[in-house]
Amino acid sequence: MARRIAFIGGGNMASAIIGGLLQQGFPVVHMDVVEPWADARARLDRDFQLTAHAQADAFLAEADMIVWAVKPQMFKEAAAAVAGFNSRAVHLSVMAGIPSDSIARATGNERVIRTMPNTPALIGKGMTALFARSAVTEADRQWATEILASTGATLWLSDEAQLDAVTALSGSGPAYMFFFMEAMTETGVRMGLPREQAYQLAVATFIGAGELARASTEPPEVLRQRVTSKGGTTYAAITSMEASGVKDAFVQAMLAAQKRAQELGQEFGS
C-alpha cells in the first residue's frame, strides 16, 4: 500500500509538493492536509480534488511523513495541535528559520528533515536544499529526495547552519530576480518600449542568461567579462552600477536576509 503523507499547511509550497506527487502517480487518497483557512481548502479541492481538514485530528497518526508548511510564526500553535498524532512519522519542514532542534522538541520525534525550497517549485523548476538529523534513516532521505525532486533540483547539506545562507541565496533569490526584472521593465518603458515588450525582453534575458550559466563551465565573472567590451554599452552600464555601489548593496541585502532567517528561528523556534 502507498505510504501516507500529511501536510500541516496548504499554501503555495505545500501545493507545489502535492502537484509534484500527483504527477509521480502518488494517490491523492493517501494525502491529508490540515488547513484552517476555508479559501485555501477550497483551492486544494478545486486544484487537486483533495479534501483538506480544518484542524488536526487522529488521522495524522496514520501518516508516514508529516510536511510542515506553515509560516514560522504559526509553528508553535500548529505543533501543539498536532502533538500526540505523529510518533511514527518522519517530519519534513519547508519552514524558514525554524531549527530542527525546535521541530524535534515540539513533535517528540528526532526523525526531522529540514529543507529550504523556493517558489519556482510551483512549476517544477525549484531549488531545494535539505538537512537531515542523525536519526533520519537512509530510506527517509531517499523518500524526501524523491518527493522534492518532483519540484526541481535538490541539494543535501551536512551543516544545518548553512540553511540560513541558502534561505538568503536561493530561498529569497527569486524575489531578487523579479526586483531586477521590474527595474528593467520600467526602464525599458522609460526608454520608449511598450511595457509588454519590455517585460518580455527582461524575462527572456534572465532565462537565457541562467541557461547559459548552467551550460557553461566558466564562472559568472568570466561570462560577464565576455559581454563587457571596454568602452561599449555594457561597460557603461556595469561601470555605472559599480559607481553606485550596486554590488555592495546586493551583498548587504543577502546578509540581511540571512540574519532575518536566524532571527525567525530565535523568535518562533525556541
Legend entry - Backbone N under 13 Å from the residue 260 label point (7 Å along Cα→Cβ), restricted to segment 151-192: 167-169, 171-176
Inset, instruction - Taking the Cα centre of segment 5-166 as origin, work out the dipole magnitude from +1 charges on Lys and Arg Cβ and -1 charges on Asp and Glu Cβ, in debye rounded to 20. - result: 180
Inset, instruction - Estimate the FRET efficiency between residue 250 and residue 101 by the formula 1/(1 + (r/R0)^6), using the beta-carbon distance for r and 35 Å for R0, to the nearest 0.05. - result: 0.65
Inset, instruction - Taking the Cα centre of segment 173-262 as origin, work out the dipole magnitude from +1 charges on Lys and Arg Cβ and -1 charges on Asp and Glu Cβ, in debye rounded to 20. - result: 120
Legend entry - Angle in degrees between helix 38-48 and the longest Cα principal axis of the chain, rounded to the nearest 10: 80
Inset, instruction - Please tell me the relative contact order of segment 5-166 in percent, rounded to the nearest whole number, where contacts are Cα pairs under 8 Å and at least six residues apart. - result: 21
Legend entry - Nearest-ten-degree value, helix 195-215 long axis tilted from longest Cα axis of the chain: 80
Inset, instruction - Sort out for me the Cα centre separation of segment 233-254 from segment 203-223, rounded to whole Å. - result: 18
Inset, instruction - With a ≥ b ≥ c taken as the square roots of the eigenvalues of the C-alpha gyration tensor of segment 4-156, please select rounded if a/c is under 1.5 and otherwise prolate if a/b is larger than b/c or oblate if it is not? - result: rounded
Inset, instruction - Using 0.36 nm per residue of separation minus the Cα-Cα distance, give me the extension gain between residue 51 and residue 81 in nm, one decimal. - result: 8.9 nm
Legend entry - Residues 179, 7, 268 arranged by fewest to most Cβ contacts within 10 Å: 179, 268, 7
Inset, instruction - Post the alpha-carbon centroid distance, segment 12-43 to segment 159-194, in whole angstrom. - result: 28
Inset, instruction - Could you count how many Lys pairs in the chain have their Cα atoms under 29 Å apart, skipping same-chain pairs fewer than 8 positions apart? - result: 7
Legend entry - Length gained when the stretch residue 158-residue 225 is fully extended (0.36 nm per residue, less Cα-Cα span): 20.7 nm
Legend entry - Relative contact order (%) - segment 173-262, alpha-carbon pairs under 8 angstrom, separation at least six: 13
Legend entry - Relative contact order (percent, whole number), the chain, Cα cutoff 8 Å, 6+ residue spacing: 17
Inset, instruction - Quick one: dipole size for the chain, taken about the Cα centre, charges +1 on Lys/Arg Cβ and -1 on Asp/Glu Cβ, in debye to the nearest 20. - result: 340
Inset, instruction - Mind pulling the angle between the C-alpha long axis of helix 173-190 and the longest principal axis of the chain? Nearest 10 degrees, somewhere in 0 to 90. - result: 40
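Read-outs throughout are calculated quantities, based only on the coordinates presented, and are distinct from any laboratory measurement. Since this is a predicted model, take the numbers as computed values, not measurements. Cβ coordinates were reconstructed from backbone atoms using ideal geometry, including for glycine residues, and neighbour counts include every protein chain displayed.
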